[in-house]
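The values are calculated or read from the model by the stated rules, or taken from the named source; none is laboratory data. It should be emphasised that the depicted structure is a prediction, and the values quoted were computed from it without experimental measurement. Positions of Cβ are generated from backbone atoms using ideal geometry, with glycine treated the same way; all protein chains shown enter the neighbour counts. Accessible surface areas use protein heavy atoms only, side chains included; no ligands, DNA or RNA. Shrake-Rupley method; radii C 1.70, N 1.55, O 1.52, S 1.80 Å.
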Amino acid sequence: MERTFVMVKPDGVQRGLVGDIVSRFERKGFKLVGGKFITISQELAEKHYGEHKDKPFFGELVDFITSGPVFAMVWEGENVISAVRTMMGATNPADAAPGTIRGDYGQTVAMNIVHGSDSKESAAREIKLFFAEDELI
Ligand code: ATP
Ligand code: MG
């Protein structure tokens with residue numbers, strides 16, 4: 001069964017949105033197979049967002065994602081990778097549809113509440129980066 005990596009970013013944790021976000025994916029029928037709070041190190045942030053290292057916002061992105069605890073998760077289900085992306089909404093909350101997580105709660109592109117892997121390859125890479133085998137059920 002397909003798996004994906006999802007995290008509630010520091011702004012979402014700070015605003016008390018972990019329960020709502022977990023609940024949305026549970027109600028959709030996906031299975032939570034791992035979850036933990038972590039404070040991301042500079043090194044892990046640079047690895048996780050490595051594809052963006054040449055972008056002008058990279059420094060800001062790393063500073064933000066390391067600024068406080070995140071809630072990291074692995075979700076399992078049919079087509080879960082693309083379904084989570086759809087449920088998150090567009091990267092910029094200003095463009096995200098109502099009913100999506102970013103559409104309902106986000107305000108700025110830098111602080112957009114949630115991350116979800118964008119492909120099978122990213123999902124495999126990110127799950128490995130954040131979780132040990134024995135942390136997943
Ligand atoms: P994520 O990878 O966090 O799930 P995403 O896949 O929707 O988001 P990406 O293109 O991978 O979007 O960008 C990674 C993150 O970088 C975005 O979530 C956003 O917080 C930040 N970002 C993207 N574009 C900008 C920008 N123009 N200015 C500031 N931050 C940006
Ligand atoms: Mg991305």
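One line per residue, one yes/no per condition, for (1) part of a loop (DSSP other than H, G, I, E, B); (2) among the acidic types (Asp, Glu); (3) under 23 Å from Gln107 (Cα atoms):
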position	(1), (2), (3)
Val13	no, no, yes
Gly19	no, no, yes
Arg27	no, no, no
Gly35	no, no, no
Lys47	no, no, no
Asp54	yes, yes, no
Ser82	no, no, yes
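Among the residues making up segment 84-110, those that are within 10 Å of ligand 1 (Cβ to nearest atom) and of a type in the set (Gly, Ala, Ser) are Gly89, Ala90, Ala96, Gly106, Ala110.
Take Thr39 and decide whether it is open to solvent by 40 Å² or more (accessible area, probe 1.4 Å) and more than 8 Å from ligand 1 (Cβ to nearest atom).
Values: open to solvent by 40 Å² or more (accessible area, probe 1.4 Å): yes; more than 8 Å from ligand 1 (Cβ to nearest atom): yes.
It is true that Thr39 is open to solvent by 40 Å² or more (accessible area, probe 1.4 Å) and more than 8 Å from ligand 1 (Cβ to nearest atom).
Candidates are the residues of segment 86-109 that are in contact with a Phe, Trp or Tyr (Cβ under 9 Å, 6 or more places away or on another chain) and farther than 23 Å from Gly35 by Cα; the one that is least open to solvent (accessible area, probe 1.4 Å) is Pro93. Restricting segment 84-120 to residues that are of a type in the set (A, V, I, L, M), in a helix (DSSP H, G or I) and within 12 Å of ligand 2 (Cβ to nearest atom) leaves a set whose member that is farthest from Leu17 (Cα to Cα) is Val84. Just give me the residues in segment 1-19 being of a type outside the set (Gly, Ala, Ser) and open to solvent by 50 Å² or more (accessible area, probe 1.4 Å), in sequence order. Answer for segment 1-19, where residues must be of a type outside the set (Gly, Ala, Ser) and open to solvent by 50 Å² or more (accessible area, probe 1.4 Å): Met1, Arg3, Gln14, Arg15. For segment 89-103, the criterion of being over 20 Å from Asp11 (Cβ atoms), at pLDDT 95 or above and in contact with a helix residue (DSSP H, G or I) (Cβ under 8 Å, 6 or more places away or on another chain) is met by none of the residues.
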